[in-house]
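Shown next, in structure tokens, is the structure this report addresses.
Nothing in this text is a laboratory measurement; each read-out follows from the coordinates by a stated rule. None of the values given here were measured: they were computed from a predicted structure. Using ideal geometry, Cβ is built from the backbone for each residue, glycine included, and neighbour counts are taken over all protein chains shown.
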Amino acid sequence: MTFLPDLHIRINGSDLPDDAQRDVKAVTVHEDLDAASMFAIELYNWDQNTLAFTWSDDARFAPGNEAEIWMGYVDALQKVMVGDITSLEPAFQADEIPQVTVRGYDRRHRLLRGRQTRSFTKMKDSAIARQIAGDAGLQARVQDSHVTLDYVLQHNQTDMAFLQDRAGRIGYEVFVKEKTLYFQPRQNAMKEAVTPYR
């Protein structure tokens with residue numbers, strides 16, 4: 001193995017073009033256990049030949065697109081982030097090449113946006129988790145919680161806080177990995193949580 005640092009970026013499942021890859025100035029991934037993990041891709045944003053901005057108006061970096069970031073060493077990269085692009089931040093400073101920062105979060109952010117008040121009737125906690133995952137555009141991998149509940153109230157809570165509360169009551173754990181929400185007994189969830197990306 002060659003111990004030279006390397007990184008690889010894919011947008012919506014496609015490799016970043018070579019010219020965009022060359023313009024990458026820095027990539028930052030900040031992992032957080034209690035909130036959505038964040039990423040930032042800084043690119044030089046100027047074509048000296050055409051005297052035009054290169055990436056700030058490029059559709060591949062539009063909010064909502066999927067970014068996949070691999071980091072490590074040449075021939076030994078590991079996937080460290082899959083998430084949604086949420087914003088573009090152009091930067092213009094005197095005597096410096098224009099830049100743009102592509103920011104985003106892992107898909108937990110979909111469950112942390114806004115507080116909800118709603119009720120669920122005649123449903124299992126596992127079915128509630130599956131419904132909330134679908135509402136957030138996530139796949140669901142849930143284990144049957146068996147007990148059908150007459151009435152459950154989500155009162156002024158984010159979806160993630162609500163699911164964590166429900167999971168805690170029955171010895172389950174909830175987490176999001178890439179595009180999938182997991183809702184399952186805590187011991188199994190912990191094993192899944194530490195399984196490397198495939």
Notebook entry, point to check: How far is it, in nm, from the label point at M71 to the one at D15 when both lie 7 Å from their Cα along the line to the Cβ?
Noted result: 2.2 nm
Notebook entry, point to check: Can you give the convex hull volume per residue for the Cα atoms of the range 114-185, as a whole number of Å³?
Noted result: 76 Å³
Next item on the list: Which order do the peptides 153-159, 89-95 take when ranked by the mean count of other beta-carbon atoms within 10 Å per residue, highest first?
Entry: 153-159, 89-95
Margin query: What does the charge count around S126 come to, taking other residues whose C-beta lies under 13 Å from its C-beta (Lys +1, Arg +1, Asp -1, Glu -1)?
Written below: +2
Check: Going 7 Å from the Cα of R113 in the Cα-to-Cβ direction, what parts of the range 5-43 have a backbone nitrogen less than 15 Å from that spot?
Finding: 36-37
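Provide, as a two-decimal number, the C-alpha radius of gyration of the range 5-106 over 2.2 N^0.38 Å, N being how many residues it has. Write down the numbers at each step before the final one.
Details: Rg = 13.7 Å, N = 102, 2.2 N^0.38 = 12.8 Å.
Ratio of Cα Rg to 2.2 N^0.38 Å: 1.07.
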Next item on the list: Could you tell me the largest-minus-smallest coordinate of the C-alpha atoms of the chain on each of the three principal axes, in descending order and whole angstroms?
Entry: 67, 41, 24
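Over the range 114-185, what is the percentage of antiparallel beta bridges among all DSSP beta bridges, to the nearest 5?
Working: 13 of 17 bridges.
Of the beta bridges lying entirely in the range 114-185, close to 75 percent run antiparallel.
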Margin query: Sequence gap at least 6, Cα distance under 8 Å: using those rules, report the relative contact order of the chain to the nearest whole percent.
Written below: 17 percent
Check: Do the sum for the chain: with -39,500 (n - 2.57) for every DSSP H run of n ≥ 4, divided by all residues, what is the mean residue ellipticity at 222 nm, to the nearest 500 deg cm²/dmol?
Finding: -5000 deg cm²/dmol
Checklist line | GluC sites (Glu not before Pro) restricted to the range 54-142 and DSSP loop, no more than 14 other C-beta within 10 Å | finding: E96
